[in-house]
Structure formats: structure tokens, C-alpha cells
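Novice: Below is a structure I'd like to ask you about.
The values are calculated or read from the model by the stated rules, or taken from the named source; none is laboratory data. Since the model is a prediction, treat every value here as computed from it, not as a measurement. Here the Cβ positions follow ideal geometry from the backbone for every residue, glycine too, while neighbour counts run over all protein chains shown. Heavy atoms of the whole protein, side chains included, go into the accessibility calculation; ligands, DNA and RNA do not. Shrake-Rupley method; radii C 1.70, N 1.55, O 1.52, S 1.80 Å.
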Amino acid sequence: MIISYEPDSFPPTGDLVSRLGRTGGIFLRNVGRGTLLVLQAFAGIPRALAGSRTDIGRALGQCGIRSFGVTSTVALFTGMILGLQAGLILRAYGQEMRVGYLVAQTMFREMGPFMTALILAASVGAAMAAQMGTMKVSQEIAALEVMSINPIHFLVTPRLIAMMLMTPVLTVYTDFIGILGGALVANTQLDVSWTAYYENVRFLLTSREIWVGFFKAWVFSVLITGISCFQGLSATDGAVGVGTATRRSVVICFLTVLITGYIITRMFY
Amino acid sequence: MMVELVNVYKRLGGRNILNGLSVSIDRGETLAIVGPSGTGKSVTLNHIIGLMSPDRGSINVMGMDITKLGYRELQKYRSKVGMLFQSGALLGWMTVYDNVALPLRECYHLPEDKIREKVDGILNLLSLTDSAGKFPNQISGGMQKRAGLARAVVCNPEIMLYDEPTSGLDPVMSRKIDELIISLQKRFSMTSIVVTHDLCSAFGIADKIAMLYGGKVVEYGTPEQFKASRNELVREFIRAQFSINIQTGGER
Ligand SMILES: Nc1ncnc2c1ncn2[C@@H]1O[C@H](COP(=O)(O)OP(=O)(O)OP(=O)(O)O)[C@@H](O)[C@H]1O
Ligand SMILES: [Mg+2]
């Protein structure tokens, strides 16, 4: 059973070792259940695409449009900070015209997917966890199961599809706004012309940096959906439980995105 | 025996909730489970539908030990069982109509006109026609409960589990729900298990009444046997319910 209707029933323990063991046990079990949840959600994709698809549409709206404003702002300032920081260092070596290259590479490979994932985890992911949690504690999930409707196919799969489509798109958008922010700073603070900046960026557009960024975005989208939905569906104990599930989902998403981002970068470079 | 629980034990959150519970019910009969709040009535229903599994003991329904079913078999079993949840458990983003139509669409894949016919019929029966287009948070708690009932019975299950079908309803509507439970039972020879605080309704609809206390059945019998019970817990439960009725002018 992936979705449990009972609280964790581990015997109360006293000393540190057994407490650590218990925490480790719960952690491993949750990783296992979360993985199963994601696999089941993937298994539901063919049927979801063959169906009416209104669920997917709704989920798309929720993850794309709602986070547009904040993504733009964060992307712009990330690019500006990068531009300024890198520009000042490069200037010390008389290389400030290379700033476009540095900003673009960092955006494509690291900051674009990373920032987008953090924003999505904190907004869309938290919303998913809260929604699922509320449904869990008000017995709606149980009602679906009793009607022989698989809650994972019914609720998680549309969200997974929407996130997998939307995260790469939002990431590309973040990349370009960030690069634009870098250009603004380069132009006004570092006296690098638009054309020189663009020449540097264009050099990267055909490289595999973009594909690594895409790949990261896709992995993050699966992780965020899986973690948030799993935390929501694990909620027990009424409104308090929903709060706990939401907080946990955001924290775990942040940590996982950070660590996975590093691992993927290591894999490719 | 249609449903048979034998010696079921369950521990939840560090406490023994079910303590050797045994109860059974024949095909086509209605069993009422009564008892004070927090004695595990809802937990018992969760066991019968397979949402929880017992620590010890067996649960036999329609000749199957449902604690041993795999996911597929469990789904198949559940499609023969309907359940009304204590809170109604409607999906918040769907209208009442879509909620009731949901099992027909998702599991039975009926054509839309067939669905409309069935759903309109059941909504009409439960006086919910005016609320069909509303969302659950726009209607009263009692109406949500009736909508939950409509959704549970729309697939004509063989077994119906009701978790407090009449709590939160006015007396007139309560008796209407009682009549509905009886008529469903007659028409489709449905087997029903009704968890209720409402003894009046239990005496009206049940073939057998079981009183739960401390996770065990402390009294079991026909309504007549139940009324004549010498068990002090039962006597007190009956007394309390009917004396409150007099003090509050017969609210229930
Ligand atoms: N999922 C759960 N996790 C932990 N404890 C639970 C769970 N479900 C029920 N319990 C505990 O089991 C006990 C019995 O709960 P249950 O909901 O079955 O009571 P009930 O007889 O239905 O009462 P009421 O008439 O108020 O609905 C309660 O004390 C409750 O705290
Ligand atoms: Mg209950």
C-alpha cells in the first residue's frame, strides 16, 4: 500500500541509537513508497492522455500561469546579480566583454533550472501538498479508493504531466530573462555593448549546456511532483497534519533539488 | 454469512482500538452498529472496505478473506461495495452532479445520456435536484451528506456501508434517509451496515443491532432483544438517548 490510513506505528524508543534506527527506517520506507508513487503515476500517463484531459489543462494552468510573475522577477535579478558579480571579477583581468558567456552558461546549466525548481517547489509544490493533504484528511482520497478509482492515476498523473511540460518551458523562460538581466547590467555598469554580449551568448545557444538544463528541469519536475504529492497523501491528523505535510514537502524539495542538481552537473562535466 | 468479522484486533496510535471484535451479518440484512463516540465504529467500517488491515483476526466478505486480497482483487471487491463517509467526502472542485457521476464515468464508462438518467434519478430521490450544479462548499452539511449518499448508491452496490447517515440532518430528512435505506435493501436485496448514534433510526431500519464498547461487541440482537437487554451499558445508552430527547424537546 502506497497510501496509508494509519499513523506510523513504531514502538516508542528511548536511547539515541534506536531513535536513529527508527528515523532511518521511516526515511527508507518513505523513499521506497515515494518511488512507487512516481512509477505508478507514470504508468497512468497513457490513460490520462487518452481521456478527456481537462484535468491536465487545469493542472497546467495552475503550474504555469500562477508562477509567471514571481519567476520573471527572480530570473531578472538572478541574471543581474550574476552579471554584476562575474563582470567585476572579469574586469580585474580585463575580460569583461566575456560576461555574456559566463552569465549565459551559468543560467543554462545551473541557475535557470535551479531557480525555476525552487519557485515551483515553493508555489506549485506546496499547493499540491496542501490540496492532497486536505483531501486525505477529509476522507476524499479514501472515497476515491472505495469507488475503485486509483487516486494516484486520478490526481497525481495529470499534475505530473503538467509539471513535466511546464518546468522545461518555464526554465527556458527563466534562462532568457536572466540573460537579459545580465545584459542590462553589462550594458549599464560594465560598458559592454549589446552586440558584444549577444555574440558571447549566441556561441552557447547550440551547445549541450541547453540540453543539460532541459534534462535537469525534467528531473526536477518529476521530483517536485513526486515529493509534494507523496507528502500530501501521507498527511494524517487533520489540519495540523496538512500544515506539516506542506512544510515538509517544501523543505524536502529544496534539499533534493539542490543535491540532485549537483549530481547531474557532476555527471555531465 | 455475507460479512463476518472474527476476533479482530487493531492498534492505532499506540492504543488498542479494536479488541477482539466479532460480528456478522447475513445477505440482505441490515446491521446497525451503535456505541459511544471514539469506540472504533468508523475504524470497523474501514476494515470491512479494506482501507485498514487488522493486526489479528479475519474479515470474510462474500466468501473471501479480504485481508489477503491483492490490489486488483481489492478493487474488484470494492466495486461491489458502496460507502457513505461520515464527512460526505465529496471532491471540492466538482459540482454535485459531477461528483455523483464520477464512479459511473471512471469505472463503468457509461455513455453520458445513461449517466444523466441515473444521476438525475438519484438526485431527485434525495431532493438534491436544485443543488446539482453547485459545488460542495456552496451547500449545507446535510446536503453534502446526501450527495455523498447519492454517489455511494449510484452504482447499485451489493453491500452498503453507512457511516452516520442521519447525523447533521433534520428529523424529517433523517426519516427519509431511513426509508431510503430500507427501500434500497428491499429493492436490490442490498446488505447494509449502518453506523449510527441515532437509536431511533437503528430501531427503525435494522434487523440486527450490535453495540460496540471498548473495541468489542457488548450486545448483539434484534431490536426487540436489544431494547430488552439487561446489559447495563446498553440500558444506559438507551436511557441517555431518550432522556436527552425529552430535555431538548425531541431534537433527534
Ligand atoms: N487513522 C487513525 N490514526 C490514529 N488513530 C485513529 C485513526 N482512526 C481512528 N483512530 C482512533 O481510533 C478511535 C476510534 O475512532 P473511530 O473514528 O472509529 O470512532 P467512532 O466510533 O467512529 O466515533 P464517532 O462516533 O465519533 O465517529 C479514536 O480514538 C481515534 O482517535
Ligand atoms: Mg465515526
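Novice: Is it fair to say B:Ile181 is buried (at least 19 other Cβ atoms within 10 Å of the Cβ), away from every other protein chain (no Cβ under 14 Å) and assigned to a helix (DSSP H, G or I)?
Specialist: It is true that B:Ile181 is buried (at least 19 other Cβ atoms within 10 Å of the Cβ), away from every other protein chain (no Cβ under 14 Å) and assigned to a helix (DSSP H, G or I).
Novice: Take the residues in the stretch B:70-84 that are outside any loop (DSSP other than H, G, I, E, B) and more than 8 Å from every other protein chain (Cβ to nearest Cβ), then tell me which one is nearest to ligand 2 (Cβ to nearest atom).
Specialist: Here the residue is B:Leu84.
Novice: Moving on to the next point. Only residues that are open to solvent by 90 Å² or more (accessible area, probe 1.4 Å) and not β-branched (Val, Ile, Thr): list them for the stretch A:16-35, please.
Specialist: Those that are open to solvent by 90 Å² or more (accessible area, probe 1.4 Å) and not β-branched (Val, Ile, Thr): A:Leu16, A:Arg19, A:Leu20, A:Phe27, A:Leu28.
Novice: Anything in the stretch B:85-103 that is out of contact with any strand residue (DSSP E or B) (no Cβ under 8 Å at 6 or more places or on another chain) and within 10 Å of chain A (Cβ to nearest Cβ)? List them, or say none.
Specialist: Matches in the stretch B:85-103: B:Ser87, B:Gly88, B:Ala89, B:Leu90, B:Leu91, B:Gly92, B:Trp93, B:Asn99, B:Leu102, B:Pro103.
Novice: Still on this structure, I have one more. Counting only residues that are assigned to a loop (DSSP other than H, G, I, E, B) and open to solvent by less than 10 Å² (accessible area, probe 1.4 Å), which one in the stretch B:207-233 is modelled with the highest pLDDT?
Specialist: That would be B:Gly215.
Novice: Name the single residue that is surrounded by the most Cβ atoms within 10 Å (Cβ to Cβ) among those in the stretch B:47-64 being in contact (Cβ under 8 Å) with a residue 60 or more places away in the chain and away from ligand 1 (no atom under 14 Å from the Cβ).
Specialist: Of everything passing the filter in the stretch B:47-64, B:Val61 is surrounded by the most Cβ atoms within 10 Å (Cβ to Cβ).
Novice: Are there helices (runs of 4 or more DSSP H) fully within the stretch A:44-98 with at least 2 residues that are charged (D, E, K, R)? List them.
Specialist: Once the helices (runs of 4 or more DSSP H) in the stretch A:44-98 are filtered for at least 2 residues that are charged (D, E, K, R), what remains is A:54-64.
Novice: Applying the selection to the stretch A:148-159, what residues are at the interface with another protein chain (Cβ under 7 Å from one of its Cβ atoms) and farther than 16 Å from B:Met94 by Cα?
Specialist: Result: A:Ser148, single match.
Novice: Tell me, which residue of the stretch B:85-121 that is assigned to a loop (DSSP other than H, G, I, E, B) and of a type in the set (Phe, Trp, Tyr) is farthest from ligand 2 (Cβ to nearest atom)?
Specialist: Per the stated criteria, the residue is B:Trp93.
Novice: So, in the stretch B:38-69, of the ones that are in a helix (DSSP H, G or I) and aliphatic (A, V, I, L, M), which residue ends up farthest from ligand 2 (Cβ to nearest atom)?
Specialist: B:Ile66
Novice: For B:Asn156, work out the one condition from (1) surrounded by fewer than 21 Cβ atoms within 10 Å (Cβ to Cβ); (2) in contact (Cβ under 8 Å) with a residue 60 or more places away in the chain; (3) assigned to a loop (DSSP other than H, G, I, E, B) it doesn't fulfil.
Specialist: (2)
Novice: Sort out which residues of the stretch B:104-140 are of a type in the set (Asp, Glu) and within 13 Å of chain A (Cβ to nearest Cβ), and write them in order of number.
Specialist: B:Glu106, B:Glu112 - these are the residues of the stretch B:104-140 that are of a type in the set (Asp, Glu) and within 13 Å of chain A (Cβ to nearest Cβ).
Novice: Looking at B:Thr30, B:Thr44, B:Thr39, which one is within 14 Å of another protein chain (Cβ to nearest Cβ) and crowded, with 20+ Cβ neighbours inside 10 Å?
Specialist: The match here is B:Thr44.
Novice: Check B:Ala210 against each of (1) more than 16 Å from ligand 2 (Cβ to nearest atom); (2) over 12 Å from the mean Cα position of the chain (by Cα) and name the one condition it does not meet.
Specialist: (1)
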